[in-house]
Amino acid sequence: MNAAPALETRQLVYAVENATILKGVDLRVEYGEVVGIMGASGSGKTTLLKCLCGLLKPTAGEVWVEGVNIAPLSERERMPMRLRLGIVFQYAALFDFLTVAQNVAFGLERHRRLSRAQIQDIVRERLAWVGLEDTGHLYPSQLSGGMRKRVGLARALAMDPHIVLFDEPTSGLDPVNAYQIDQLITRLNRELNLTAVVVSHDVVSLMRTAHRIAMVDNGQIIAEGTPDAIRQHEHPQVQAFLRMASAEAL
Ligand SMILES: Nc1ncnc2c1ncn2[C@@H]1O[C@H](COP(=O)(O)OP(=O)(O)OP(=O)(O)O)[C@@H](O)[C@H]1O
Ligand SMILES: [Mg+2]
């Protein structure tokens, strides 16, 4: 079974009424890999992520998640797949009226048969993984942006996913907090062999976390390779994007 890649798209197309957003994307993510998806705003990165986790149904093509093609499945049939993937959304998407601990426990309470004590143990452990062991009683509004992102990650990790998808995990963070998130992704990958797809236009972040980077431009992957190969890539769009990103970082 593990000969199948963790994730794979084949000629993935996603169209809305008058626009084709993804135009035949082929992407393969092996177990244990951290794959970065970079690209300009509006290029289709979030749409690709949503197709990968079954939140959007592709117009055409295939989306394989741990050996199952979820593209033809109904929303209900895709649900078990969705629970196996961890998703960390761009804006953390925490419930403001729940404490940090209740946010992390949310999926466990709804989808796992566990005692209250077992849930508390998992919540404590996941918060410790992201360096937030003493915050369980606080509300999201009492946390900094970086802390909220880490709670979002702890919540995703509560369900023991093999694969976690991150949408812009470092956007809106200062360099120190961004670095912390990057370190966390790298550590989870090394220690738990977590497979990760990281969507970001933060090139600096992707270069230090990803084993492989795919560049999306206008709904297509125009370049793919190791961070070094991407740095050297001769595609003019890739070079233009890297130049712009490094100018922005200065
Ligand atoms: N449901 C929709 N209906 C119409 N257009 C959409 C829809 N969803 C996305 N789009 C369009 O598809 C394009 C890609 O959107 P997407 O959110 O995937 O881009 P992105 O690369 O994640 O951008 P950003 O870096 O700003 O997050 C954009 O032009 C967006 O306006
Ligand atoms: Mg996006």
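The values are calculated or read from the model by the stated rules, or taken from the named source; none is laboratory data. Everything numeric here is computed off the predicted structure, so don't read it as measured data. Glycine gets a Cβ as well: all are built from the backbone with ideal geometry, and neighbour counts include every protein chain shown. Keep in mind that these areas ignore ligands, DNA and RNA; they rest on the heavy atoms of the full protein, side chains included. Shrake-Rupley method; radii C 1.70, N 1.55, O 1.52, S 1.80 Å.
Does at least one position in the stretch 166-184 carry a residue that is in a strand (DSSP E or B) and away from ligand 1 (no atom under 16 Å from the Cβ)?
no
Mind listing just one residue for me: the one in the stretch 44-60 that is open to solvent by less than 10 Å² (accessible area, probe 1.4 Å) and not in a helix (DSSP H, G or I) and, of those, nearest to ligand 2 (Cβ to nearest atom)?
So the residue we want is Gly44.
Look at Leu157 and say whether it is open to solvent by less than 10 Å² (accessible area, probe 1.4 Å), touching a Cys at 6+ places or on another chain (Cβ under 6 Å) and in contact (Cβ under 8 Å) with a residue 24 or more places away in the chain.
No: the conditions fail for Leu157.
Is it the case, given these coordinates, that Leu94 is part of a loop (DSSP other than H, G, I, E, B), in contact with a Gly (Cβ under 7 Å, 6 or more places away or on another chain) and closer than 17 Å to Leu153 by Cα?
Yes; evaluated as a whole, the condition is true for this residue.
Quick one: what pairs do we get from the stretch 14-26, first residue farther than 26 Å from Ile213 by Cβ, second at pLDDT 95 or above, C-beta under 9 Å, 6+ apart or different chains?
If the second residue must be at pLDDT 95 or above, the pairs left are Val16/Thr59.
Among the residues of the stretch 1-32, how many are closer than 19 Å to Ala196 by Cα, part of a strand (DSSP E or B) and open to solvent by less than 20 Å² (accessible area, probe 1.4 Å)?
Total satisfying the criteria: 5.
With the checklist (1) within 16 Å of ligand 2 (Cβ to nearest atom); (2) under 21 Å from Thr209 (Cα atoms); (3) of a type outside the set (A, V, I, L, M, F, W, C) in hand, flag the one item Gly32 doesn't pass.
Every condition holds for Gly32 apart from (1).
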